[in-house]
Every structure is written in C-alpha cells, then in structure tokens.
Amino acid sequence: MKVILHIGAHRTGTTSFQAYVRQNSDFMRTRRIGFWGPMRTRKGLFAGIQPDAGVSLKAARHARGRVMLQVNKTERNGIKTLVVSDENMLGTMRRNMRSRSLYGDVGERMARYAAAFDGQIDTVVLSVRALNHYWSSAAAYCVARGHTLLEPDQLVRVAFGPRTWRDVIADVACAAPGAKIVIVPFERTAGRPDAMFQGVTGLYGPRNASQTWLNRSPSVPELRGMLADRGEDPDLITGMAPRWTPFDTAAIAAMREAYMDDIHWLTAGADGLATLTEELDQRGAGQTLPHGPLTRGQGYDDQERRLAEPG
C-alpha cells in the first residue's frame, strides 16, 4: 500500500482539501484510496508520537504500534493508496509566531512520524505559499483566536529572518530520506481543492465540492470587531485592504524576494531533494477519469478562460 503524508502547511487550503475529500468518499472508495484526516489523527491515533510534556518512551512505542496496526488493517481492507492529511504534523502556527520562525522543529517532528509509519511513507506532500501572505494569514488567524499582536520589532524578525521554505523542505527530506518530497504552490490551488487532490495523488479529482474554500482569514473589519469585543483597541488593526497585513512595504518586498528564491531553487531541481508540481490547471474530472496521462492537464484552454478575439 502506498502511504502519502500531506503535511500542510497551515493557511494553504488544508481544511478545504480535507473537507473536499470527505465529501467525495464514494470516489475515493471506488479507486481504493483511503483517507485519514484530523478527525481521525487528532482523536488519539497520533497521541504519543511527539515528545510533549509527560510523554514517555513507552507511550511513543505504543503510538508506533497503534499507527502500524491501523495501517495494516487499512491495507487488508483492500486500500491501495492511503492519504494522511494533517497540517499539525508539520508543527503549529502558534509555535511559529512565538519563535518568529518557520517550523523550526519540523525535522525532529517528521523523523518521529517516519518512525511511527515504520519507514513505509512513499510520498510527503507540502504546500508552500508566498511568505508575506503566509505570515499575514497566520497572524490574522492567531489574533482571531485571542493571541496578542506581534510588536514592530518582532515583525521585523519574522520578515527578515533567515529561515524560508527551502530550509523546511531540506529538514523534511532529511527526516524522511526514503520518501519522495512533492511541493505544491498554494498560488495554483487556492480555492481549488480538486487541484490540491491532483497534487497529492496524481489523479484528477471529482467536480463535486471542488469550489470548497473554508477557514479563510478574517477581514480587517472582522478583526477590528473581534478586538473591540474583547475590550482591546481595534485601531491596532490598520489598513484599507480587505485582508490585513501587519507588515510594511520593505518587509513585504523582502519576503516576496525570499519566496521567489525558494521557487527558483525548486524549479532548478531543489538539489535533488524535492519535486515542484506546477501543472495543476486542469478542471476536475467527473465520475470517469479522462484518457491520457494523469499528470498533465488541459491548461487554460477552456472557452470560459479565453480572451475575446479581435473582430
């Protein structure tokens, strides 16, 4: 059985993707694709894998046995491909915000998941996003859940910090050396969980629920209202754009440049560590998969996307 880990990142459509897969269970079943999402992984299945406070080595061994028991059971049930999707495998946004850095402990975390799956991980899929948008979205998400806003000097540390997606990818590749690392740019899958499905599985996804887009960042008015309801100063949230960004123009420019460097590195082969998946522009499939290679799409050649020809 092929085991695929979809590890996030946060704020890259993971919740939408997971809801989309759940709503297409019949499609998954007919193709013998199994799915473990947060509704399963966070209800005890992964308990003990990470060395949180109070977790013993015995608990870690039990966690590995529990995971492998379920893997073997899934394979006996005729599943050919198992997709495990949980962005918290990568780490947490709260930890990122506290450390002002991007998933600094991902190598250690992924090494423990690789051990829990007994080296049977075939592919690890990571979705990346422009750093200025990722950090702005993460900041808005955390503020909406009661966390304090970062101070100006802390925002500078975030924006000009040395750690980028390239470092995260290298850590993941080192922790799971036997797995193929696939990178999916969020810019090509935003609001399109069917495209994310192809990035994860290599198959065309069904049209059903393909417009699902959940857990969007709260808007500036929404964030201001939340702060006011908590008795905090709503003027801490500034800006006229619908989506809030706490960074100034210099910080945004620096993060954009760092992200473009990461994409250039991935396009050039990522030193053999990972594969960048870009051809995700096709529309979703119906109940019958289209003929031809499953790794290529129809591009933007649909009638509805063409420019009007001159008369």
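The values are calculated or read from the model by the stated rules, or taken from the named source; none is laboratory data. Only a predicted model underlies this, so the values are computations on that prediction, with no experimental measurement involved. In this analysis, Cβ positions are derived from the backbone assuming ideal geometry, glycine residues included, and neighbour counts consider all displayed protein chains. For the accessible areas, the whole protein counts, side chains as well, though only heavy atoms, and no ligand, DNA or RNA atoms are used. Shrake-Rupley method; radii C 1.70, N 1.55, O 1.52, S 1.80 Å.
For the range 61-91, what are the residues that are over 14 Å from K2 (Cα atoms) and of a type in the set (K, R)? Those that are over 14 Å from K2 (Cα atoms) and of a type in the set (K, R): R61, R64, R66.
Residues of the range 136-169 being open to solvent by less than 50 Å² (accessible area, probe 1.4 Å), in a helix (DSSP H, G or I) and either over 23 Å from E279 (Cα atoms) or among the hydroxyl-bearing types (S, T, Y) (or both), which ones?
Initial filter on the range 136-169 (open to solvent by less than 50 Å² (accessible area, probe 1.4 Å)): 136-140, 142-144, 146, 149-150, 154-155, 158-159, 161, 164-165, 168-169.
Those still in the list that are in a helix (DSSP H, G or I) too: 136-140, 142-144, 154-155, 158-159, 165, 168-169.
Matches in the range 136-169: S136, S137, A138, A139, A140, C142, V143, A144, Q154, L155, V158, A159.
From the list V172, V184, the one residue that fits, being assigned to a strand (DSSP E or B) and either under 16 Å from the mean Cα position of the chain (by Cα) or surrounded by fewer than 20 Cβ atoms within 10 Å (Cβ to Cβ) (or both), is V184.
Considering the range 258-277 alone, what residues qualify as being on the phi < 0 side of the Ramachandran plot and over 21 Å from the mean Cα position of the chain (by Cα)?
Of all residues in the range 258-277, those on the phi < 0 side of the Ramachandran plot come to 258-268, 273-277.
Matches in the range 258-277: A268 only.
In the condition set (1) in a helix (DSSP H, G or I); (2) touching a Lys or Arg at 6+ places or on another chain (Cβ under 8 Å); (3) open to solvent by less than 30 Å² (accessible area, probe 1.4 Å), S210 is compliant with all but (1). Pairing each residue of the range 86-101 that is under 26 Å from I121 (Cα atoms) with any residue that is open to solvent by 50 Å² or more (accessible area, probe 1.4 Å) and in a helix (DSSP H, G or I), provided the two are 6+ apart or on different chains, yields C-beta distances under 8 Å for D86/R42; N88/R42; M93/Y141.
When R42, R11 are checked against the criterion of being in contact (Cβ under 8 Å) with a residue 40 or more places away in the chain, of a type outside the set (S, T, Y) and in a helix (DSSP H, G or I), a single residue qualifies: R42.
Can you confirm whether the range 60-74 contains a residue that is among the polar types (S, T, N, Q), part of a helix (DSSP H, G or I), over 14 Å from the mean Cα position of the chain (by Cα) and closer than 30 Å to Q211 by Cβ? The answer is yes; a qualifying residue exists.
Within the range 32-44, restricting attention to residues that are open to solvent by less than 60 Å² (accessible area, probe 1.4 Å) and at pLDDT 95 or above, which residue is farthest from N77 (Cα to Cα)? Even if it seems obvious, please write down each step before you answer.
Taking the range 32-44 first, the residues open to solvent by less than 60 Å² (accessible area, probe 1.4 Å) are 33-38, 41, 44.
Those left that are additionally at pLDDT 95 or above: 33-38, 41.
On the way: I33: 11, G34: 10, F35: 13, W36: 14, G37: 18, P38: 21, T41: 19 Å.
Checking each candidate, the answer is P38.
Among the residues in the range 204-213, are any hydrophobic (A, V, I, L, M, F, W, C) and modelled with pLDDT under 95? So far as the range 204-213 goes, yes, one or more of its residues are hydrophobic (A, V, I, L, M, F, W, C) and modelled with pLDDT under 95. The single condition among (1) modelled with pLDDT of 95 or more; (2) under 21 Å from the mean Cα position of the chain (by Cα); (3) surrounded by fewer than 17 Cβ atoms within 10 Å (Cβ to Cβ) that D248 does not satisfy is (2). Out of everything in the range 76-133 that is among the β-branched types (V, I, T), more than 13 Å from A9 (Cβ to Cβ) and outside any loop (DSSP other than H, G, I, E, B), what residue ends up being most open to solvent (accessible area, probe 1.4 Å)? Ranking the candidates gives T81 first. Just a yes or no: is a residue in the range 45-61 at pLDDT 90 or above, hydroxyl-bearing (S, T, Y) and open to solvent by 20 Å² or more (accessible area, probe 1.4 Å)? Scanning the range 45-61, I find no residue that is at pLDDT 90 or above, hydroxyl-bearing (S, T, Y) and open to solvent by 20 Å² or more (accessible area, probe 1.4 Å), so the answer is no. With respect to being under 20 Å from R42 (Cα atoms) and either of a type in the set (S, T, Y) or over 17 Å from the mean Cα position of the chain (by Cα) (or both), Y134 falls outside the description.
Count of the range 18-42 residues, restricted to those that are under 20 Å from the mean Cα position of the chain (by Cα) and not hydrophobic (A, V, I, L, M, F, W, C), is 11.
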